[in-house]
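Heads up: the structure comes next, in structure tokens.
Throughout, read-outs are computed from the coordinates displayed, never taken from laboratory work. Because the structure is predicted, anything quoted here is derived from the model rather than measured. Quick reminder, even Gly has a Cβ in these numbers, built from the backbone with ideal geometry, and neighbours come from all protein chains shown.
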Amino acid sequence: MEETPKKLFFSLFSGEIYEVAEDEQQFLDPYQIPLTQRPNKNCKKCHDRLYIGYNIITKHYEICKKCGQKFIDMDQLMTKNK
């Protein structure tokens with residue numbers, strides 16, 4: 001049996017990085033951020049978590065700017081939000 005390709009996502013509400021099958025991506029809400037690959041462990045701000053802290057007012061995790069620019073799949077993010 002052939003396995004369907006998977007894509008990495010980051011959840012702004014749980015702060016977790018997880019995989020989703022490509023045919024199920026259409027069911028995700030806009031707060032799931034697509035990634036090109038897992039973040040490096042050498043970031044001094046986020047330490048491989050992709051977030052730098054939790055905002056208690058808006059109730060979501062703040063993405064590390066350095067890793068966000070490198071690892072967020074902007075092409076898929078723009079097409080997903082249309």
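A full extension of the chain between Lys44 and Ser14 corresponds to an added length of 8.7 nm, given 0.36 nm per residue minus the alpha carbon distance. Database remark: amide H of Asp73 closer than 5 angstrom to the amide H of Leu35, Thr36 (H placed geometrically; neighbours at sequence offset of 5 or more, or on other chains; Pro and chain starts carry no H). Shape analysis of the chain based on the Cα gyration tensor places the equivalent ellipsoid semi-axes at 22, 15, 12 Å, largest first.
Projecting the Cα atoms of Leu77, Gln32, Asn55 onto the charge dipole of segment 6-80, computed from C-beta unit charges around the Cα centre, puts Asn55 farthest toward the positive end.
Only the Cβ atoms of Lys and Arg (+1) and of Asp and Glu (-1) were treated as charged; on that basis the dipole of the chain about its Cα centre amounts to roughly 700 debye.
Here the Karplus relation 6.51 cos²θ - 1.76 cosθ + 1.60, evaluated at θ = phi - 60°, turns the backbone of segment 28-43 into coupling constants of 7, 7, x, 8, 9, 9, x, 10, 7, 6, 5, x, 6, 8, 9, 6 Hz, with x for every Gly and Pro. Sequentially through segment 72-79, phi angles give Karplus couplings (6.51, -1.76, 1.60; θ = phi - 60°) of 7, 7, 5, 4, 5, 5, 5, 6 Hz, Gly and Pro residues having no value and appearing as x. Rounded to the nearest 0.05, the FRET efficiency derived from the C-beta distance between Glu3 and Asp75 at R0 = 41 Å is 0.95.
Calculate the FRET efficiency for Ala21 and Thr58 from the Cβ-Cβ distance with a Förster distance of 25 Å, rounded to the nearest 0.05. Once the sixth-power term is evaluated, E becomes 0.30. Scalar couplings 3J(HN,Hα) for segment 49-65, obtained by applying the Karplus form with A = 6.51, B = -1.76, C = 1.60 to θ = phi - 60°, are 9, 6, 10, 9, x, 10, 8, 6, 7, 8, 6, 9, 7, 8, 6, 5, 5 Hz; x denotes Gly and Pro.
Between the alpha-carbon centres of segment 56-70 and segment 1-48 there is a gap of 14 Å. Taking amide H positions as modeled 1.01 Å from N, with prolines and chain starts lacking one, the residues under 5 Å from His60 and 5 or more places away or on another chain are Asn55.
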